[in-house]
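Here the structure is laid out as structure tokens; the discussion comes afterwards.
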Amino acid sequence: MGESKVHMFKDAKSFNDFIKENKNMVINFSSAKRESSVQINPTFAKLSEEYHNIKFVQLEVDDVDMLTLAFDVDEIPSFYFINNSKSDGVIYGAHSDLLTRKVDAVSENIQYTQGSEIPDWAK
């Protein structure tokens with residue numbers, strides 16, 4: 001098994017600096033106090049090992065109150081998808097199959113948009 005590539009931040013400034021440099025990511029708003037968060041974290045870590053064109057970020061909600069408010073997080077865990085610096089959906093709750101499918105779809109979209117020149121018919 002590979003090494004987890006989940007980035008963890010304890011404050012908003014470090015996270016904001018990170019997102020300035022990274023355009024494609026999945027942000028996991030998590031809580032060590034919630035069983036559902038604890039149960040899905042291994043799936044999140046495994047995905048971080050498999051998908052190298054997406055950054056995986058985990059934020060402990062108790063450490064980043066302002067970010068939790070800024071993202072309007074209502075449920076823990078919540079997974080926010082950022083594709084090319086734009087919001088690309090949210091998954092509320094610990095749904096490993098849905099999370100895996102969404103990460104796969106986002107990864108494929110990134111590969112297409114970062115691949116060779118876009119054909120005229122697709123413009």
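The values are calculated or read from the model by the stated rules, or taken from the named source; none is laboratory data. As the structure is a prediction and not an experimental result, all values here were calculated from the model. Glycine gets a Cβ as well: all are built from the backbone with ideal geometry, and neighbour counts include every protein chain shown. Just so you know, the surface numbers come from the protein's heavy atoms only, side chains and all, with ligands and any DNA or RNA stripped out. Shrake-Rupley method; radii C 1.70, N 1.55, O 1.52, S 1.80 Å.
Residues being of a type in the set (Ser, Thr, Tyr), within 14 Å of Gly93 (Cα to Cα) and open to solvent by 30 Å² or more (accessible area, probe 1.4 Å) are entirely absent from the range 45-63.
In the range 82-98, is there at least one residue being within 14 Å of His7 (Cα to Cα) and open to solvent by less than 20 Å² (accessible area, probe 1.4 Å)? No, that holds for no residue. When residues in the range 71-81 are screened for being within 16 Å of Phe18 (Cα to Cα) and open to solvent by 80 Å² or more (accessible area, probe 1.4 Å), 0 of them pass.
Set side by side, the residues Ser36, Ser31, Ser87 differ, and just one is small (Gly, Ala, Ser), without any contact (Cβ under 8 Å) to a residue 24 or more places away in the chain and out of contact with any Leu (no Cβ under 6 Å at 6 or more places or on another chain), which is Ser87.
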